[in-house]
Amino acid sequence: EKYPFRFNNAFAVHPINAHEFGDLSYYKQFGLGRVATTTLLNSYQLLLKGEEQAYAKIWTHILDKIVKQKEQAVDWESQTAFPKEGEPFNFELRTNLEEISVL
């Protein structure tokens, strides 16, 4: 169930998910963050009915669209198929850090 409301272009919001009943949630960029809202009505009732998976699916989808993804500081990948003791180990290192040391 949803509120009988739709955002128009004057609000400059971006729809998060489309549904057969129209867009159910929206976000707007504010500086480095996002503010979201939804036209869903009483979604907590899904929990009261024991429909935890449906509730989690709805809110995970909405929140995944607005939460800033955390960047991984360091990532590496082996270039040596079968490393052996005493032999060189080649790898690719990716980072956004300015100062690093490899031990």
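Taken together, the values in this text are just the output of simple stated rules run on the coordinates, not laboratory data. Being a predicted model, the structure only gives us computed values, none of them experimental. For neighbour counting, all protein chains shown are included, and Cβ atoms are generated from backbone atoms with ideal geometry for every residue, glycine included.
What to note about this one:
- Take the Cβ atoms of residue 95 and residue 59, set R0 to 25 Å, and the FRET efficiency comes out at 0.15.
- Taking 0.36 nm per residue of separation and subtracting the current Cα-Cα distance, fully stretching the chain between residue 41 and residue 74 would add 7.7 nm.
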